[in-house]
Amino acid sequence: MKRLSICMFLCVGALSIPACQKTDAKKFVPELDKNTEGSIMVRGHYENFEALTEEFIKFNAYYPKVEMSYEYDKNHKKNILDALNGDTPPDIFFTYSSLDFSTLDEFTEDLSDPELGFDLTCIRDSLIYKDNNDKVPYLPIYTTSFGMMINENLFKKHNIKVPTTYDGLVKACQDFMAKGVQYPILGHNSMVLYPLYFPHFLASIKDNPTAINALNSMSEGCGEYARESLTLAKDFIDRGFVNKEECAKIGDDYNKTILRFFEGDVPMMLAKGSSFSGTEKRESQSEAYSANPFNYSFVPVPSTDKGGYFYNTVELCFSVNKKSVNLDMANEFIRFLLSSNGLGLNRMAKAKRMITPCKNLSYDSAYAAFNKIDASRTFTPSQIGLADKPDQQVRKAGTAVCLEDKTVDYVITNFATL
């Protein structure tokens, strides 16, 4: 494990403090004595967390005698309980929306407790998780979605429009191939057509409780609810736009996906937003991109004549250790991040190039296409209510259709046992 400490006495110069005060003084009003001494340790799995470091510095402008630190553990998710029961437990710790929070109940502060005074109204309602006791055990920090990275220069060079409908996607691929572009659309195997068919599938069941109940109970024939989306995937894959052999060469859905995209010969690269977030840091790591830089962005994969969907999932959360000896200050830091409509959260999202959980959606300009999606085409896992097993079965069905040449009838017949 690795710990980074930031102490105001050593790390923030005279010029930094006025800058922070000028920016935030009217937006955040400290509730504790500014001379309060203490410490806050945040623990998580990010090896480097510069965005959090910047918030530490801004917070220290109000509480200069509070030492802020971040502890890295590659296996943090696995070791959370051990850390919380250890000799130096964190005050704030990474959590994940997929966790069973009942196992963490004795440690997680209820962020909805009115006595804490947290203004959670800046967070999109569908991203706020409540347990069976109406307790809110975590604050969403980063969210993500699925889409495709766009090489804007290639679209401009060949006078092709970035697609906003399914027919437009097909035409763009046809036009690129007609103009000699060998690979119009690629992606790591885990992403091949997933950003096309999976949000489309979720949208088809979102307002159908009968479908969701059948899928969650894995009732006989429930795979039929995925037929339309899987047929869409089959239609696209059969058109020959996706070179499966080339996709298989992409070693992972993060670093190697980005570097392959930066080779500059692929107009569209299927990916998740959390992968796209790593692009800026890897620009200098790519010899091809450094030699021939280009403009790029991240857009939804259009699956209908009205476009694509914004399936917004929580990537990272913060929970407060209610047994912390620095509980008041830890809560004060959370209140600081939430103040002024989540200003701190928006800054962190922008610095990490992730999607903010806040309602005012201050996207990095590279995410502009998602900001234009109609609210009716935007949804989160909590709004769907799909259980893990049917979720996994649809993913496996999509992989079988896209990469293993299985028919839609085959995967529907064998749904629940794939």
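Just so you know, all these numbers are worked out from the coordinates, no wet-lab data involved. Remember, predicted model here, so these are calculated numbers, not experimental data. Neighbour counts run over all protein chains shown; Cβ positions are idealised from the backbone, glycine included.
From the convex hull of the Cα coordinates of region 286-413, what is the mean projected area in square nanometres?
Reported value for the Cα convex hull: 13.4 nm².
Given region 352-405, report the % of alpha carbon pairs whose separation exceeds 14 Å.
For region 352-405, the share of Cα pairs beyond 14 Å comes to 69 percent.
May I have the convex hull volume per residue, in Å³, for the Cα set of region 241-298?
83
Residues with beta-carbon under 9 Å from that of residue 306, excluding residue 306: net charge, scoring Lys, Arg +1 and Asp, Glu -1?
Taking every Cβ under 9 Å from that of residue 306, the sum is -1.
Order these peptides, 32-38, 272-278, 326-332, by their mean beta-carbon neighbour count within 10 angstrom, highest first.
Top to bottom by mean Cβ count within 10 Å: 272-278, 326-332, 32-38.
Can you list the residues, at least 5 places off or on another chain, whose amide H is less than 5 Å from the amide H of residue 355, using H built in the peptide plane?
Under 5 Å from the amide H of residue 355 lie the amide H atoms of 143, each far enough along the sequence or on another chain.
Antiparallel DSSP bridges in the chain: what percent, to the nearest 5?
Restricted to the chain, the bridges split so that about 65 percent are antiparallel.
Ignoring everything except DSSP H segments at least 4 long, calculate the 222 nm mean residue ellipticity for the chain; use -39,500 (n - 2.57) per segment, divide by total residues, nearest 500.
For the chain, the value works out to -11000 deg cm²/dmol.
Under the definition of Cα pairs under 8 Å and six or more residues apart, what whole-number percent is the relative contact order of the chain?
Dividing the mean separation by the residue count of the chain yields 25 percent.
Quote the convex hull volume per residue of region 154-202, based on C-alpha atoms, as a whole number of Å³.
About 78 Å³ per residue, rounded to a whole number.
In whole Hz, with x marking every Gly and Pro, tabulate ³J(HN,Hα) for region 114-130 from phi via Karplus 6.51 cos²θ - 1.76 cosθ + 1.60, θ = phi - 60°.
x, 5, 6, x, 6, 8, 7, 5, 6, 8, 4, 3, 6, 9, 8, 8, 10
Can you return the lysines within cross-link range of residue 352? Criterion is Cα-Cα under 18 Å, with same-chain partners fewer than 8 residues away left out.
Qualifying lysines at Cα under 18 Å: 58, 272, 281.
Please list, in chain and number order, the residues 5+ apart from residue 146 or on another chain whose amide H is under 5 Å from its amide H, with Hs placed from the backbone.
Under 5 Å from the amide H of residue 146 lie the amide H atoms of 273, 311, each far enough along the sequence or on another chain.
Based on the inverse mean of 1/r over its pairs of different Cα atoms, what is the Kirkwood hydrodynamic radius of the chain, in Å?
Computed over Cα pairs of the chain, the Kirkwood hydrodynamic radius comes out at 23.1 Å.
Using the Cα atoms of region 254-328, I'd like the radius of gyration and the largest Cα-Cα distance, Dmax, both in angstrom.
That works out to 18.0, 56 Å for Rg and Dmax.
What lysines does residue 157 reach when the alpha-carbon gap must be under 18 Å and sequence neighbours fewer than 8 apart in one chain are set aside?
Within reach: 171, 179.
At q = 0.12, 0.17, 0.18, 0.21 Å⁻¹, what is the log10 ratio I(q)/I(0) for region 68-150, with the Debye formula run over Cα points and no solvent?
Here the Debye-derived log intensity ratios amount to -0.44, -0.84, -0.92, -1.15.
Return the lysines within reach of residue 322: Cα separation strictly under 16 angstrom, same-chain partners fewer than 8 residues apart disregarded; answer none if there are no such residues.
Those lysines meeting the cut-off are 135.
How large is ³J(HN,Hα) for each residue in region 57-64, as worked out from phi by the Karplus curve 6.51 cos²θ - 1.76 cosθ + 1.60 (θ = phi - 60°), to whole Hz, x for Gly and Pro?
Each residue's phi maps through the Karplus curve to give 4, 5, 5, 5, 5, 9, 10, x Hz.
Magnitude of the Cβ-charge dipole of the chain, K/R +1 and D/E -1, about the Cα centre, nearest 20 debye?
Dipole magnitude for the chain comes out near 1160 debye.
If you place +1 on the Cβ of every Lys and Arg, -1 on the Cβ of every Asp and Glu, and leave all else neutral, what size is the dipole of region 180-289 about its Cα centre, to the nearest 20 Debye?
100
What list of ³J(HN,Hα) couplings, whole Hz, do you get for region 367-383 from phi and the Karplus terms 6.51, -1.76, 1.60, once you set θ to phi - 60° and write x for glycine and proline?
In residue order, the calculated couplings are 9, 3, 4, 6, 5, 8, 6, 4, 4, 5, 10, 10, 7, 10, x, 5, 7 Hz.
Using modelled backbone amide H atoms (1.01 Å from N, in-plane), which distant-in-sequence or interchain residues come within less than 5 Å of residue 40's amide H?
Placed amide hydrogens put 67, 68, 69 under 5 Å from residue 40.
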